[in-house]
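The structure's right below; bear with me while I get my questions together.
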Amino acid sequence: IILNLMSKVSKKVSAIEVKTIFLGESGVGKTNLIRAAIDEAFDENTQTTNLTSSFEKSVKLDNKYYSLKLWDTIGQEKFRTMTKIFYKGAKIVIFVYDITKKKTFEELEYWVNEVKSSLGEEPICALVGNKCDLVEEEEVDENAARDYAFNKELKFKIVSAKTNPKDFQLFLDELLKDYIQKNGANIKEDQVVEITRETLAVKEKRGCC
């Protein structure tokens, strides 16, 4: 019985990998949005990202498995050239700004133009305004941000990684569904990876699937 249980836990299933990158200035909360996506607690002491890293989120939709590879990129201007190498192959791109810092919104134009020129219309792109729990300190008008997203053909969402992480989780699920609907049968074989049932079971238990 023990052997059977171990076999069941370690069994792998095929999942379609979906590269997802987070872009935006330092301090906008990209790292904590990713923590929200993978069901980890908000970290008040998160340091500025100095090294691009990736995390995984397993999702089951319509009896198919997906592995979202979430890339946390460096926002500092001096590292922008380095960050460009991570655009390649991105299927979902999330531009993030801090609603309490107007400059982080103004700098979005750089990131949006870079992605559009590098990847064209291929990825699903979204604009996320983070830290809506600090609305009393708001420097970026929501309607202005919504208009910008509309003009750039970006999905749009105002969230708080700190006080309502589920909101962002649901939005990320919507972006994945948009990607699936857009690509369908065109999803390539080389995007298929193996994930363990143990990992998937944990994610399902947490309500991510």
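Please treat every number below as a calculation from the coordinates, not as lab data. Note that this is a predicted model, so its numbers are computed, not measured. Ideal geometry is used to build each Cβ from the backbone, glycine not excepted, and the neighbour counts take in all protein chains shown.
Strictly over 21 Å apart at the Cα level, which of Lys102/Lys131; Lys30/Lys182; Lys69/Lys131; Lys155/Lys177; Lys152/Lys182; Lys60/Lys162 would you flag in this model?
Values: Lys102/Lys131 13 Å; Lys30/Lys182 25 Å; Lys69/Lys131 23 Å; Lys155/Lys177 13 Å; Lys152/Lys182 18 Å; Lys60/Lys162 25 Å.
Too far apart for the 21 Å limit: Lys30/Lys182; Lys69/Lys131; Lys60/Lys162.
Further question: So if R0 is 25 Å, what FRET efficiency would Lys88 and Glu137 give, r being the distance between their Cβ atoms, rounded to the nearest 0.05?
0.10
What full-extension length gain, to one decimal in nm, is calculated for Ser14 and Ser54 as 0.36 nm per residue of separation minus the Cα-Cα distance?
Between Ser14 and Ser54, full extension yields an extra 12.4 nm.
Another question about this same structure. Taking the mean number of other Cβ atoms within 10 Å as a proxy for protection, how do you rank 62-71, 85-94, 109-118, 24-33 from highest to lowest?
Ranked from most to least packed, the peptides come out as 24-33, 85-94, 62-71, 109-118.
Another question, if that's okay. Cut-off under 16 Å on the C-alpha distance; same-chain residues fewer than 8 positions from Lys19 excluded. Which aspartates and glutamates are left, in chain and number order?
Partners within reach: Glu56, Asp72, Glu121, Glu122, Asp173, Glu174, Asp178, Glu189, Asp190, Glu194.
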